[in-house]
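The values are calculated or read from the model by the stated rules, or taken from the named source; none is laboratory data. Quick caveat: nothing in here was measured; it's all calculated off a predicted structure. Note that each Cβ is placed from the backbone with ideal geometry, even for glycine, and that neighbours are counted across all protein chains shown.
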Amino acid sequence: AMRVFSISLSQTQPSGPNTLLNSASELSSFWFYQKSSVGQFMSSFSKTVTERTPQKERETRSVQENNYTAHVSSRGGSDQLAGELPSAVIITDQEYPAQAALSVLAKVLDEF
């Protein structure tokens, strides 16, 4: 079964760490004792992939780690304040279609 584990929205700074604005996770497929460490991994993975994504007007990329795929999408341009870019990350299993994941991220960023 295809799964979405985490979706997060961050404000990426031109220099320095990004700021997490909101996130949601669905970890019911993991054992009770695994949920905390898996949740920490998802947060860390999201932060790392967001900070390593080049800051351009529009950028999307996908990164695989173990059995997970992180899709990240960022938006910028002249309407953004002081170079801050909103970025969204969705972490899925490897079966989840990339195009569907990027469509979800586009919707999240449109709503932002």
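Does at least one position in the stretch 87-101 carry a residue that is more than 14 Å from Thr48 (Cβ to Cβ), at pLDDT 85 or above, of a type outside the set (A, V, I, L, M) and assigned to a strand (DSSP E or B)? Looking for residues that are more than 14 Å from Thr48 (Cβ to Cβ), at pLDDT 85 or above, of a type outside the set (A, V, I, L, M) and assigned to a strand (DSSP E or B), one finds at least one in the stretch 87-101, hence yes. Taking the stretch 25-52 as the range and being more than 10 Å from the chain's Cα centre (by Cα) and either among the charged types (D, E, K, R) or under 16 Å from Asp93 (Cα atoms) (or both) as the test, the residues that pass are Ser25, Glu26, Leu27, Ser28, Ser29, Phe30, Lys35, Val38, Gly39, Phe41, Glu51, Arg52. Residue pairs whose Cβ atoms lie under 7 Å apart, separated by 6 or more positions or on different chains, with the first residue in the stretch 26-48 and in contact (Cβ under 8 Å) with a residue 40 or more places away in the chain and the second surrounded by 16 or more Cβ atoms within 10 Å (Cβ to Cβ) and hydrophobic (A, V, I, L, M, F, W, C), are Met42/Phe5; Met42/Ile91; Phe45/Ala70; Phe45/Ile91; Ser46/Ala70; Ser46/Val89; Ser46/Ile91. Residues in the stretch 77-86: is at least one touching a strand residue (DSSP E or B) at 6+ places or on another chain (Cβ under 6 Å), among the hydrophobic types (A, V, I, L, M, F, W, C) and at pLDDT 90 or above? No - not one qualifying residue is present in the stretch 77-86. Only a single item in (1) of a type outside the set (Asp, Glu); (2) modelled with pLDDT of 85 or more; (3) surrounded by 15 or more Cβ atoms within 10 Å (Cβ to Cβ) is not met by Ser44, and it is number (3). Looking at the stretch 1-28, which of its residues are surrounded by 11 or more Cβ atoms within 10 Å (Cβ to Cβ), assigned to a loop (DSSP other than H, G, I, E, B) and modelled with pLDDT under 85? Gln13, Pro17, Asn18 - these are the residues of the stretch 1-28 that are surrounded by 11 or more Cβ atoms within 10 Å (Cβ to Cβ), assigned to a loop (DSSP other than H, G, I, E, B) and modelled with pLDDT under 85.
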